[in-house]
Structures are given as structure tokens and as C-alpha cells.
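The values are calculated or read from the model by the stated rules, or taken from the named source; none is laboratory data. None of these values were measured; they are calculated from a predicted model. We place every Cβ from the backbone using ideal geometry, glycine too, and count neighbours over all the protein chains shown. Ligands, DNA and RNA are excluded from the accessible area calculation, which covers all protein heavy atoms including side chains. Shrake-Rupley method; radii C 1.70, N 1.55, O 1.52, S 1.80 Å.
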Amino acid sequence: MLDQNLKKFPENFLWGASTSAYQVEGANLADGKGPSCQDVKELPAGTASLDVCADHYHRYEEDIALMAEMGFKVYRFSIAWTRILPQGTGEVNQAGIDHYHKVIDCCLKHHIEPLVTMFHFDMPAALDERGSWSNPESVEWFENYARVLFENYGSKVKYWLTINEQNMLTLVGPLIGTLHIPEGCENIVKETYQQNHHMLVAQAKAMALLHKMFPEDKIGPAPNISLVYPASCKPEDILAAQEFNAIRNWLYLDMAVYGRYNNLVWRYLEEHDATPTFREGDEEALKAAHPDFIGFNYYSTSTVQHADVNEVLNPGADQQTARGEAGYYKGFNNPYLTKSEFGWEIDPLGFRANMREMYSRYHLPMIVTENGLGAYDTLTEDGKVHDNYRIAYLRAHIEQLKLAISDGIEMMGYCPWSAIDLVSTHEGIRKRYGFIYVDTTDEEVGTLNRYRKDSFYWYKKVIASNGEDLAD
Ligand code: BG6
């Protein structure tokens with residue numbers, strides 16, 4: 001592999017970055033918003049409450065102006081279901097509808113394409129009380145919510161994402177404050193994958209609905225895809241990597257793209273007496289839906305080895321750290337990779353491998369909906385943040401993105417996490433990802449003033465050169 005004939009990024013490549021409502025907006029009960037599962041969960045010790053976050057709800061104009069200054073072509077943000085439908089179903093909250101009109105209009109004014117995530121880890125609390133995704137009616141709740149979104153914004157928003165990281169909801173949902181397993185549940189695998197099934201059908205119906213209402217709009221899923229490596233060339237490890245790839249990654253994309261369950265996952269579910277119950281029409285709905293593109297979040301690869309049936313494994317895991325399941329696979333520290341300050345492996349080459357693998361399986365255009373480095377940042381006395389570590393991380397990944405494009409992969413855009421500092425899923429605001437520093441801490445709400453980090457100026461140059469100038 002010589003990598004000599006590098007292709008350029010396409011002219012209309014969508015450079016931007018991402019946020020999610022419950023992590024960035026604050027104002028969590030303002031203007032008629034109902035509580036979501038995030039607002040009623042017990043916060044991890046020592047982490048910022050979610051009622052202020054970066055106060056993006058009140059400061060979106062300033063923030064989007066800063067994104068425009070960086071040259072963003074796209075801004076990926078999520079709509080809070082509970083601003084639109086405070087109880088999840090029923091009455092529409094006009095103030096919530098108006099708010100996102102203003103956010104979308106502000107993006108368009110700055111020539112920034114809005115990329116809207118419909119659902120990012122924030123189930124309405126009122127629907128949690130009705131069983132959340134375990135209730136088969138959740139399919140209709142989501143479809144109804146989708147209809148309200150499309151009716152209101154479908155003519156302005158061209159790009160939609162359905163459910164953020166459905167695979168993480170299924171695999172580590174309780175850790176990030178979502179996905180509830182009813183007390184006394186006897187078969188947790190069955191319960192979990194029944195909820196997952198409802199989400200898959202809900203997603204399929206939302207995709208079909210958008211295509212019917214706005215045939216020109218585009219929609220896709222946004223799972224977290226980490227290619228799984230085998231720890232060695234031992235055949236048992238290869239099989240273990242295939243198992244985890246199927247369970248972690250391919251289930252979600254096979255279903256979104258082809259409308260069928262991955263065969264390895266189906267066998268896994270059969271072994272656990274956990275195959276989901278299909279309602280009438282589910283199969284047809286799953287087959288009928290087709291994404292226009294694939295959005296995916298990428299932070300790292302995973303590495304696994306074979307696990308014996310009787311092994312006792314540490315169940316502790318988050319989105320990127322190793323987990324295991326006796327008889328199938330167990331996490332393995334990849335000795336060739338370094339780790340972030342928060343213990344996530346860093347693997348830019350794996351990013352390219354990930355894109356190659358996805359494209360060869362699905363042949364759809366793709367957009368990176370998250371990628372980034374969570375780190376402790378320091379604001380200097382003169383208002384600077386020297387985050388050269390973040391620049392190094394992003395540069396290494398953009399280099400691989402360019403190589404992936406040269407591999408012939410259709411890449412539509414790149415939206416790292418996150419546009420601006422926000423509260424992490426379970427590690428507070430001390431774990432920062434943004435190009436824009438927000439003056440606040442886990443201990444107390446600060447001035448909330450915004451500061452341009454070094455990575456802000458660097459990314460601005462990257463965008464201005466359409467990915468050609470990656471130097472400091
Ligand atoms: C993804 C989520 O899992 O990773 C985001 O879509 C999240 O919501 C991001 O913030 C980074 O993870 P964390 O746990 O560091 O916040």
C-alpha cells in the first residue's frame with residue numbers, strides 16, 4: 001500500500017461538529033419542557049447537574065456564530081423530545097417547536113446545514129413510566145414524534161439521524177442513564193433485545209415516514225461503530241471477534257440497511273431464549289425502510305479474545321472499554337494503542353479500517369457523526385486553552401479519513417464530538433471535548449463565558465483548506 005495518490009476531500013464535504021440536547025442545552029425544564037429520563041436519573045457522583053450544562057438553550061446564537069467563524073458547513077444537534085411533546089405523546093409544546101425553528105434558522109442564516117438527531121439518550125420520563133422501549137406502543141410514540149418533527153422542520157432540515165447509538169443504549173444503557181430493565185425481570189437478555197427490537201421498528205417507520213412526507217430529505221442511523229479486532233491469530237479469537245462485531249456493530253446496520261437480523265446475533269438470542277417477539281407488520285416495516293446514508297460515531301476500535309463458558313468476567317464497561325460475555329468473547333487491552341486520559345484507546349488507523357469494513361458491507365455514503373478526545377483542559381489566565389493533544393488526535397483521524405476517501409469510500413462529512421464543551425454521559429464536564437471552552441465546572445456553574453481553544457483556530461484552517469492543511 002503506497003498511499004501516494006491521495007484524493008482530495010469532495011468540494012461539498014460537510015465539515016462541522018456535534019452536540020446533543022441533554023448534554024449541552026441546560027434549561028431542562030424551561031418553557032414547558034417535560035422531564036426526560038436524564039432529568040430524573042441519579043447523577044454519577046461529582047458530576048455537573050443537567051439543568052445548566054453549557055446553557056446552549058439560551059446562548060445558541062452566540063455558539064452558532066462561533067461555529068460559523070470556524071467555517072462549519074454542518075451542525076449536528078439533537079432535538080429534545082420533551083421540548084416538543086412534554087409527556088412524550090399528546091399535547092405539542094409550541095414554545096419547544098419555536099425554539100428549534102430559531103436554532104435551525106440561525107444555522108441556515110450562517111449557511112450551516114442542520115443535521116438533526118431525533119433521539120439522543122433522552123426518553124421522556126412520562127414514557128419511561130409507561131414502560132419506555134419495553135412497551136410495544138413505543139413504536140407508535142416514536143413514529144408520532146417523528147411526524148411532528150417532519151411536519152414542522154421537514155422543509156428546512158435536509159439531513160436527519162434517527163436514534164443516536166442504539167447499540168450503546170442496548171449494551172450499556174443503564175450506565176448512561178437510559179434503558180430500564182423492569183424489577184424482577186427474569187431474562188434480562190430477552191428484555192433488552194425486545195426493547196432493542198422496538199427501537200429498530202420505530203427507526204424503520206421513521207425512515208419510511210420521512211421518505212413519504214419529504215422524498216428529497218435524507219435520513220440515516222447513527223450507531224457507535226468500533227471495529228472489533230481479534231487479540232491474536234488463534235482461530236478461537238477470530239471467532240470471538242466475529243461474535244462481538246455482530247453483537248456490537250453489525251446487528252444495527254444489517255437491520256437498518258437490509259431489514260434483517262444478523263444471523264450470529266440471532267443464534268446468540270436463541271441460545272439465551274431471548275429472540276424478540278414480532279408484532280404483525282414488523283417484518284414488513286423493517287424490510288421497507290432504507291437509509292440514504294450511514295451516520296456513525298467512532299472513538300476507538302475494540303479488541304477481544306475467546307472466553308470460556310465458565311469464565312467469570314468483569315461486567316464493568318462503558319461505550320468504549322472492554323466488556324465480555326462468558327462463552328463468547330472478552331475484552332483485551334490492545335498493546336499497540338495508547339489511551340486517552342479517560343482510558344479510551346486511540347486508534348486512527350482503526351478509523352480507516354472501520355470505514356473500509358462498513359463500506360464493503362453496506363455500500364452507502366457515510367458521515368462521521370462523532371469522533372473526538374475527552375480530556376482535562378486548562379483555561380490559562382489570558383483566556384487560552386492549549387489543547388495540542390486534541391489537535392493531534394483530530395489530525396491523525398482526518399489523515400485517515402482522507403486515506404479512506406482515497407480507498408474509494410463515499411464520505412459525506414465529518415462531525416467530531418463536540419462543537420462546544422458539554423457534560424459527558426457519565427464523567428461530568430471535566431471530560432471536555434469541544435473546540436469552544438465553556439467556563440463552568442462540575443462543582444459549580446461558572447460565568448459560562450466562551451473561549452476559543454487552540455483547536456478552534458486549527459479546525460478553522462482545516463475547513464478553510466477543505467482538509468488540505470492539517471499543520472499546527
Ligand atoms: C457517545 C455519545 O457515546 O460518546 C455522546 O453519543 C457522548 O453522547 C460521547 O457524550 C462521548 O462519551 P462520554 O461518555 O465521554 O460523554
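Details
- Built amide H within the under 5 Å cut-off of Thr162, gap 5+: Met118, Gly220, Ala222
- Across the chain, C-alpha contacts under 8 Å between residues 6 or more apart give a mean separation that, scaled by the residue count, equals a relative contact order of 18 percent.
- Inter-probe distance in nm under a simple model that places probes 7 Å from Cα toward Cβ, at Asp105 and Arg147: 2.7
- Centre-to-centre separation between the Cα atoms of region 80-109 and those of region 261-312: 32 Å.
- Sequence-distant residues sharing a close amide H with Ile294 (under 5 Å, placed H): Met366, Ile367
- Residues in region 428-472 that a label on Asp382 would reach, taking backbone N under 17 Å of a point 7 Å out along Cα→Cβ: 451-455, 457
- Spin-label proximity, Asp292 to region 198-225 - amide N less than 17 Å from point 7 Å beyond Cα toward beta carbon: 204-222
- Karplus-derived 3J(HN,Hα) values for region 360-366, using 6.51 cos²θ - 1.76 cosθ + 1.60 with θ = phi - 60°, are 5, 7, 10, 6, 10, x, 10 Hz; glycine and proline are entered as x.
- Accessible area of the chain belonging to carbon and sulfur atoms, whole % at 1.4 Å probe: 51
- Normalised by 2.2 N^0.38 Å, where N is the number of residues, the alpha-carbon radius of gyration of the chain equals 0.92.
- For the peptides 205-213, 259-267, the ranking by packing is 205-213, 259-267, with the highest mean count of neighbouring Cβ atoms within 10 Å listed first.
- Amide H within-cut-off set for Val228, under 5 Å, with H built and near neighbours excluded: Ser302
- Hits among aspartates and glutamates - C-alpha to C-alpha of Lys212 under 20 Å, sequence gap 8 or more where chains match: Glu140, Glu143, Glu151, Asp282, Glu283, Glu284, Asp292
- Asn5-Phe342 FRET efficiency (beta carbon distance; Förster radius 35 Å; 0.05 resolution): 0.40
- Under the Karplus curve 6.51 cos²θ - 1.76 cosθ + 1.60, θ = phi - 60°, whole-Hz ³J(HN,Hα) for region 250-258, x wherever Gly or Pro sits: 6, 3, 6, 7, 4, 6, 4, 8, 9
- Eligible lysines near Lys402 by straight Cα distance, threshold 27 Å, same-chain separation 8 or greater: Lys7, Lys8, Lys73, Lys158, Lys218, Lys339, Lys453, Lys460, Lys461
- Estimated FRET transfer efficiency when R0 is 35 angstrom, pair Asn187-Asn466 (beta carbons, to 0.05): 0.10
- Label sites at Val92 and Glu69, each approximated as a point 7 angstrom past Cα along Cα to Cβ, lie 3.6 nm apart.
- Stretching Arg356 away from Val445 to a fully extended chain increases their span by 27.7 nm, per 0.36 nm per residue minus the current alpha-carbon distance.
- Heavy-atom surface of the chain, accessible at 1.4 Å and reported per residue (Å²): 39
- Among the protein heavy atoms, those of His101 account for about 40 Å² of accessible surface (1.4 Å probe, every chain in place).
- With helices as the sole contributors, the chain gives -10500 deg cm²/dmol at 222 nm; each DSSP H run of n ≥ 4 counts as -39500 (n - 2.57), and the sum is divided by every residue.
- In order along region 461-472, the phi-based Karplus estimate (6.51 cos²θ - 1.76 cosθ + 1.60, θ = phi - 60°) of 3J(HN,Hα) comes to 5, 4, 5, 4, 9, 6, x, 7, 9, 9, 6, 5 Hz; Gly and Pro are listed as x.
- Student exercise, region 14-464 dipole from Lys, Arg, Asp, Glu Cβ charges, in Debye to nearest 20: 1420
- Projecting the Cα atoms of Leu264, Ala274, Ile409 onto the dipole axis of region 14-464, where Lys and Arg carry +1 and Asp and Glu carry -1 at the beta carbon, places Ile409 farthest toward the positive end.
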